[in-house]
Each structure stands twice: as structure tokens, then as C-alpha cells.
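The block underneath contains the structure these notes are about, expressed in C-alpha cells.
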Amino acid sequence: MVILPTLRQLQFFLALARRKSFSKAAEDCLVSQSTLSSAIKELEGVLGAQLVDRSTRAFALTPAGEETAERAAPILAMVEDLARSATTRRPLDGPFHLGVIPTIAPFLLPKAAPKLKKAYPNLELFLREDLTANLAERLSAGLLDAAVLAFPYDVPGADIIEIGDDPFWFACAPGNPLAQEKTMTLAGLKQASLLLLEDGHCLRDHALAACRLRDPGVAATFGATSLFTLAQMVQSGLGATLLPEMAVKAGFAKSAGLAVAPFAAPAPSRRIGLAWRKGSGRREEAEAIAKILSGVLADNRAK
């Protein structure tokens, strides 16, 4: 008979792999450092492999430790989902780990977070801002309970609820000839030298697809790593860009000194949604969060 590691041992080890510190992992697990250290040694004995490199002062996992952490994460996530789905606790009563992409987080969360706290006073909301691919990976591994993303994007093993559409706006420096346009058309974009976020940001892909800019030569070669950097480059006259409406309505373009114009109907847009793991027992909580985010998005669009 094969001796199997316990869930407690896996929980302790994944906390250690995540925090990269015995003391911090023990604090997260609400146990003493010696208890956690003993459990890790027991796990190494069960698996017959050294998981933590103890030859250096800096924390590091061995190759076997790295592989174990990668394999253990989805296993523990499934067990946690099983336990959660069987519980009778009220929705959003306790910790909830929510991921949000950078082109949404600063424009929705400042208004949504207080509404969530008011509606669910016992909610402990842990936020993670990251790129879509990273959030999707963390969601699949059970490190996130849900993620606010822009679609279309394939998130394997996830259910998705729509929050709303987020149209694109044209933005340029006040001195740009196109700054006088009251509305922009897709044909008019051919006159602009577009600056977009670098590859890896879904906003770039969604903007190109929504505006049918299939030729890579349409967009300028510069690729910004953030909307803030992008706005600075546009304001300096290096080109124009496309901004999500939620950013415009939140005052981002105005504070950056940009001239903006909406697109003529039907305006190109991206779709905002909330994703969570299938079978996780989080549907009711995801729907509650999506409802509040949808209301905030609608309020922003009404401005």
C-alpha cells in the first residue's frame, strides 16, 4: 500500500512555497514554526524526496519541491472546493480572493469595494492585480476564487458571468488634428498612428480585434506596459491610442491631459466578466460580486 501525504501536510507545504518563509507560512496556517517545519519533514519522508533546499541561507525549493508544489496546488484546490460546496455558510462571509486585470482594477474597484463591504460586512476581500494569463493560471490552481477579466479570453474549467460592455474611446494629444473630432469612426483610425499596450495585455488584443485592425503595421511599434505610461506617450504627441470607457469616465484621460472622442455607433468594445472555477461552490458569491460590479459599471457609463 502506498503511503499518501495528508492534506494538512500539503496545505503547510503550499503555504511555504507561496510565502517562501517558514515563519510567514506558519503564521498563515495559524501554527507554530516548529509544527510547520515538522510537517514539511514528515511530507519529505512520505514522498521520499527532499523538497526544501537547506544548503543556502535564502529560501529555495529543490526541483522535487517545485514539481510537488505544482502538482499539489490543483489537488488541494479541488478538496477545498469540495469542502466549500458542502458548507452552509452564507455567501461572501469570510475570505474571498479576487483577481482583477490592471485595465479594470483602478476604475471599478475604488467604487465597488465599499459597496461590497457594506452589503457583506463579514467579507474579507483579498485583491490580486495581474495580467490575464497569470490570473487565469492562479484561478485554475485554486489560488484565486474568482477573477474579473476582459473577454473574449479562454479560461479552461471556468464558468463566466457577464458584467457589461466597455466601449473604446479614441484619445490623442490636444494638439493632434484629430482632437477636433466629436466622434471617431473606424475608417478615421487610418489617419492615426496608434500606440497600444505591449503584447501580453489583453486590452491590446481586444482593441485590435474590436476595431478590425488586423494588420500589425497599423499600430505603432511602441508598446507601453501600463495605461499611465501609454497616456504619457500620447500626451507628448507620439501618437494616439484607444482607451476603455471606464477609464475615460473615471477621469483618467482628463487628468492625463488627453482629448477624447467616442466612436460612432456601433462602437467597438470589450466585454467585462467574472470567471470562477466550475464546481467550486462559488456561483452564488460570484453572482453577488458581478451584480455590484455591473451596477458600478452602469453608473460610470451614465456619467
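The values are calculated or read from the model by the stated rules, or taken from the named source; none is laboratory data. Just so it is clear, the model here is predicted, and its values are computed rather than measured. Note: ideal-geometry Cβ built from the backbone for every residue, glycine included; neighbour counts use all protein chains shown.
When the residues of the range 274-291 are filtered to those that are touching a Leu at 6+ places or on another chain (Cβ under 8 Å) and surrounded by 21 or more Cβ atoms within 10 Å (Cβ to Cβ), the one that is farthest from GLY188 (Cα to Cα) is GLU285.
For the range 23-40, check the following and say yes or no: at least one residue is closer than 19 Å to ASP145 by Cβ and either among the hydrophobic types (A, V, I, L, M, F, W, C) or within 27 Å of the chain's Cα centre (by Cα) (or both). Scanning the range 23-40, I find at least one residue that is closer than 19 Å to ASP145 by Cβ and either among the hydrophobic types (A, V, I, L, M, F, W, C) or within 27 Å of the chain's Cα centre (by Cα) (or both), so the answer is yes.
Residues in the range 1-18 that are under 31 Å from the mean Cα position of the chain (by Cα), crowded, with 18+ Cβ neighbours inside 10 Å and not small (Gly, Ala, Ser): GLN9, LEU10, GLN11, PHE12, PHE13, LEU14, LEU16.
Candidates ARG89, ARG138, ARG71: the one that is farther than 30 Å from SER193 by Cβ, modelled with pLDDT under 95 and touching an Asp or Glu at 6+ places or on another chain (Cβ under 8 Å) is ARG138. Restricting the range 1-43 to residues that are among the β-branched types (Val, Ile, Thr) and assigned to a helix (DSSP H, G or I), the residue that is nearest to ALA77 (Cα to Cα) is ILE40. Only one residue in VAL46, VAL79 is assigned to a helix (DSSP H, G or I), of a type in the set (Val, Ile, Thr) and within 30 Å of LYS117 (Cβ to Cβ). Which one? That would be VAL79, the only listed residue that is assigned to a helix (DSSP H, G or I), of a type in the set (Val, Ile, Thr) and within 30 Å of LYS117 (Cβ to Cβ). Do we have any residue at all in the range 164-179 that's within 15 Å of the chain's Cα centre (by Cα) and either under 18 Å from LEU293 (Cα atoms) or exposed (fewer than 15 other Cβ atoms within 10 Å of the Cβ) (or both)? No; the residues of the range 164-179 include none that is within 15 Å of the chain's Cα centre (by Cα) and either under 18 Å from LEU293 (Cα atoms) or exposed (fewer than 15 other Cβ atoms within 10 Å of the Cβ) (or both).
The rows are residues; the columns are (1) in a helix (DSSP H, G or I); (2) within 26 Å of GLY251 (Cα to Cα).
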position: LEU92; (1), (2): no, no
position: LEU98; (1), (2): no, yes
position: THR103; (1), (2): no, yes
position: PRO106; (1), (2): yes, yes
position: PRO110; (1), (2): yes, yes
position: PRO114; (1), (2): yes, yes
position: LYS117; (1), (2): yes, yes
position: ARG128; (1), (2): no, yes
position: LEU135; (1), (2): yes, no
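The criterion of at least 1 residues that are of a type in the set (Phe, Trp, Tyr) and within 18 Å of the chain's Cα centre (by Cα) is met, among strands (runs of 3 or more DSSP E) falling completely within the range 203-303, by 269-277. Would you check if there is a residue in the range 60-68 being modelled with pLDDT of 90 or more, surrounded by fewer than 19 Cβ atoms within 10 Å (Cβ to Cβ) and in a strand (DSSP E or B)? Looking through the range 60-68, at least one residue is modelled with pLDDT of 90 or more, surrounded by fewer than 19 Cβ atoms within 10 Å (Cβ to Cβ) and in a strand (DSSP E or B).
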